[in-house]
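Here is the structure we will look at.
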Amino acid sequence: MFTFFDLLSSLKSLSIVEKPKVAGFRCPQNVKCGQYDWESLKREFMLGDFKTLKEFAQAKNISYGFLRNKAKGWTQEKRQLSKTKSQLVVEKTLQKQIEKASDYNTFAC
C-alpha cells in the first residue's frame, strides 16, 4: 500500500513537478514551474512543422522567454535531425532506383 510520502517522492521524480535548475531563474507569474511535460514538448517540436521556438511557443501558448530558457539547443538539434532525415530519404530513393535498374537489366536480356 502506498503512503502519501511514497506518492510524493514518485511525483518528484517525474519531470512535470521538476523545478528549474538555473541559478536565479524565476518562473513567469502566469506559469507554475514544472507544469509542462518537457520531453513531450520537445518531441512535438522536433517532429512538427515549427520552424522556430517562437512559433512553437505561440502555438502552445507558452511564454517565449520561458520556453527559450528550457529549450536550449532544440533548434540546432532539429536542424541536425532534418539533415539526417533528408540524407536517409536520398539514400532510400537511390537504393530503389538501383533496384529498379537492376531488375530492368536482368529482364532485358
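The values are calculated or read from the model by the stated rules, or taken from the named source; none is laboratory data. Given the structure is predicted, the values throughout are model-derived calculations rather than measurements. Reconstructed Cβ throughout: ideal geometry from the backbone, glycine too, with neighbour counts over all protein chains shown. Quick note on the areas: whole protein, heavy atoms, side chains included, nothing else; ligands and nucleic acids left out. Shrake-Rupley method; radii C 1.70, N 1.55, O 1.52, S 1.80 Å.
Among A57, L81, L47, whose Cα sits farthest toward the positive end of the charge dipole of the stretch 38-87 (+1 at Cβ of Lys/Arg, -1 at Cβ of Asp/Glu, about the Cα centre)? Farthest along the dipole direction, towards plus: L81.
Counting each pair of different Cα atoms once, what's the Kirkwood radius of the stretch 47-109 in Å, rounded to one decimal? Can you show the working numbers first?
Numbers: mean 1/r = 0.0680 Å⁻¹.
After inverting the pairwise mean of 1/r, the radius is 14.7 Å.
Extension gain for T75-Q97 works out to 4.6 nm (0.36 nm per residue, less the C-alpha to C-alpha distance).
Derived scalar couplings between HN and Hα for the stretch 41-48 equal 5, 5, 4, 5, 5, 5, 8, x Hz in order, rounded to whole Hz, by the Karplus curve 6.51 cos²θ - 1.76 cosθ + 1.60 (θ = phi - 60°), x for Gly and Pro. In this structure E77 has an accessible area near 90 Å², from a 1.4 Å probe over the protein heavy atoms.
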